[in-house]
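In what follows, a single structure is set out as structure tokens and then discussed.
The values are calculated or read from the model by the stated rules, or taken from the named source; none is laboratory data. Owing to the predicted nature of the structure, the values given are computational and were not obtained by experimental measurement. Because the Cβ atoms are built from the backbone with ideal geometry, glycine has one as well, and the counts that use them run over all protein chains shown.
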């Protein structure tokens, strides 16, 4: 009598692990996970080797909403968003030779934390954020020119957190708060 081979557990890759870490960080930023729990679950996610181990780390988190990540890319020319556009949870912007203009001052922002990942070659970027937004640019690497961002003197609590990360080659990033 021959026995059937047991199903091997499905192994995870780095993309799965990174997605789990991102979901845990988002849950923490939204106040759904306590700091102590975050540390423990991050350790579990980073040491997980199978899908079932990773799923157990994420079991109590709410499901990700579809459409929470979007990409805008252009080889050249201008990328421009303004007015009442819907901002995804994660916005990836890529341009080899062109300028980027993102105006979030009148945009519909449904998430408490928005990540904007820039991958720009040459050409500058200007991002206008809501007046009450908190801006985090620690994850951004600039090559040729420095970042221009002036933290407002007076800020009102309750606005979204805009995290800007990625890399800029030969352009400058200007971040400013909307006047109204």
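Figures for the structure shown
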| read-out | value |
| --- | --- |
| Selected residue [surrounded by 16 or more Cβ atoms within 10 Å (Cβ to Cβ), in contact with a strand residue (DSSP E or B) (Cβ under 9 Å, 6 or more places away or on another chain) and either without any contact (Cβ under 8 Å) to a residue 12 or more places away in the chain or not in a loop (DSSP other than H, G, I, E, B) (or both)] from 96, 74, 70 | 74 |
| Matching residues, the stretch 28-60, being at pLDDT below 80 and part of a helix (DSSP H, G or I) | 29 |
| Odd one out for residue 164 among (1) surrounded by fewer than 19 Cβ atoms within 10 Å (Cβ to Cβ); (2) touching a strand residue (DSSP E or B) at 6+ places or on another chain (Cβ under 7 Å) | (1) |
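Residue by residue, here is whether (1) under 14 Å from residue 129 (Cα atoms); (2) modelled with pLDDT under 85; (3) not assigned by TED's automatic domain parsing to the domain that holds residue 168 holds:
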position	(1), (2), (3)
75	no, yes, no
82	yes, no, no
86	yes, no, no
99	no, no, no
